[in-house]
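Only one structure is covered here, and it is reproduced in the block below.
The values are calculated or read from the model by the stated rules, or taken from the named source; none is laboratory data. Worth saying up front: this structure is predicted, and the values here are computed from it rather than measured. Because the Cβ atoms are built from the backbone with ideal geometry, glycine has one as well, and the counts that use them run over all protein chains shown.
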Amino acid sequence: MGKLKVIKTGPAASIQDFGRFGVRRYGIPQSGAMDINMMILANKLVGNEEDFPVIEFAMMGSKMEALEESIVSVVGAESMLNGKKMSNKSFEMVPGDQLEVSTPAAVYGYIALAGKIQSKVDFDSSSTYPPAKFGGINGAPLKAGDILESKGDGRSKKEYDHPEIRPEPDVEITIMKGPEWEYLKELPSNKTFVIDSSSNRMGIRLIGELQCDYREIKSSAVVPGIIQLPPNGQPIVLMNDCQTTGGYPRIAKVIKEDLGKLAQVKAGGKISFNTI
């Protein structure tokens, strides 16, 4: 068990787990950690189950104070405990200890607390989705003054070493053909795209026009990874907080295994597609 108090954090810090499944027919987004692999690693470092809630943060770092003895891990950013740089392993905090976490090296970083973080649970998930006030602390992003408390202990303190996380300037993403693939006049794999700065948890906007025989479709089901093509030809990759239906052609879908890799490409970074 453990308890941390948020001293300061950015607007994109929230509690996330694997997300909500089986409820899209009700118009409820999946949500969940944008980089599942990094979330799992953070949990492993403190001996948690893979799907335990973690703190996801982006764009800015955080500062927290321990209110009880706690075992903590930080993945995707540098961490300082009482001014001392910590290694890529879990570490112990005692009451009064101050943890400072830097801006993520890529886009998203994760903090895990040994035990299960207590939060609001909606549709079997603690994932924060602010528009519906689902999950997290009162369904909202984390803010100064919030208390994060975990119940139970990690199975044991783990000593997993992991490589330093560095943003990749050029990333290849694997896609499969979507229902409206035949609308395209050129192959996505023949072009390079740039991540637009307006990208977020709902969708990643790509700069780089794709020629297509554009036709609106009836509002149809979409899931994270679907690549929509609006009339301007600039693709949008739907991400975890995306809507459940849409009327833009669904030209392709990013494979599940590459969604985390795509989420970690910074604005201005370049991506290319490999079609299977």
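Against the list (1) surrounded by 17 or more Cβ atoms within 10 Å (Cβ to Cβ); (2) within 19 Å of residue 31 (Cβ to Cβ), the condition residue 249 fails is (2).
Conditions tested, residue by residue: (1) of a type in the set (Lys, Arg); (2) over 17 Å from residue 52 (Cβ atoms).
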| site | (1), (2) |
| --- | --- |
| 96 | no, yes |
| 111 | no, no |
| 116 | yes, no |
| 128 | no, no |
| 133 | yes, yes |
| 137 | no, no |
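Say whether the condition of being modelled with pLDDT of 95 or more, under 19 Å from residue 58 (Cβ atoms) and either of a type in the set (Val, Ile, Thr) or out of contact with any helix residue (DSSP H, G or I) (no Cβ under 9 Å at 6 or more places or on another chain) (or both) is met by at least one residue in the range 158-170. No: zero hits.
Could you tell me whether any residue of the range 43-60 is touching a strand residue (DSSP E or B) at 6+ places or on another chain (Cβ under 8 Å), aromatic (Phe, Trp, Tyr) and under 19 Å from residue 200 (Cα atoms)? Yes, the conditions are met somewhere in the range 43-60. Between 40, 71, the distinction of being crowded, with 20+ Cβ neighbours inside 10 Å, assigned to a strand (DSSP E or B) and β-branched (Val, Ile, Thr) belongs to 71 only. Of the residues 77, 114, the single one that is in the same structural domain as residue 137 (by TED's automatic domain parsing) and under 19 Å from the mean Cα position of the chain (by Cα) is 77.
Within this structure, residue 94 fails the test of being over 12 Å from the mean Cα position of the chain (by Cα), modelled with pLDDT of 95 or more, buried (at least 19 other Cβ atoms within 10 Å of the Cβ) and farther than 16 Å from residue 127 by Cα. Any residue at all in the range 6-15 that is in the same structural domain as residue 104 (by TED's automatic domain parsing), surrounded by fewer than 19 Cβ atoms within 10 Å (Cβ to Cβ), under 21 Å from residue 150 (Cβ atoms) and charged (D, E, K, R)? Yes, the range 6-15 has at least one match. Looking at the structure I just gave you, is residue 224 under 15 Å from the mean Cα position of the chain (by Cα) and touching a residue at least 40 places away in the same chain (Cβ under 8 Å)? Yes: the conditions hold for residue 224. Which of the residues that make up the range 213-245 are over 21 Å from residue 35 (Cβ atoms), aliphatic (A, V, I, L, M), surrounded by fewer than 22 Cβ atoms within 10 Å (Cβ to Cβ) and at pLDDT 95 or above? Residue satisfying the conditions is 221 alone.
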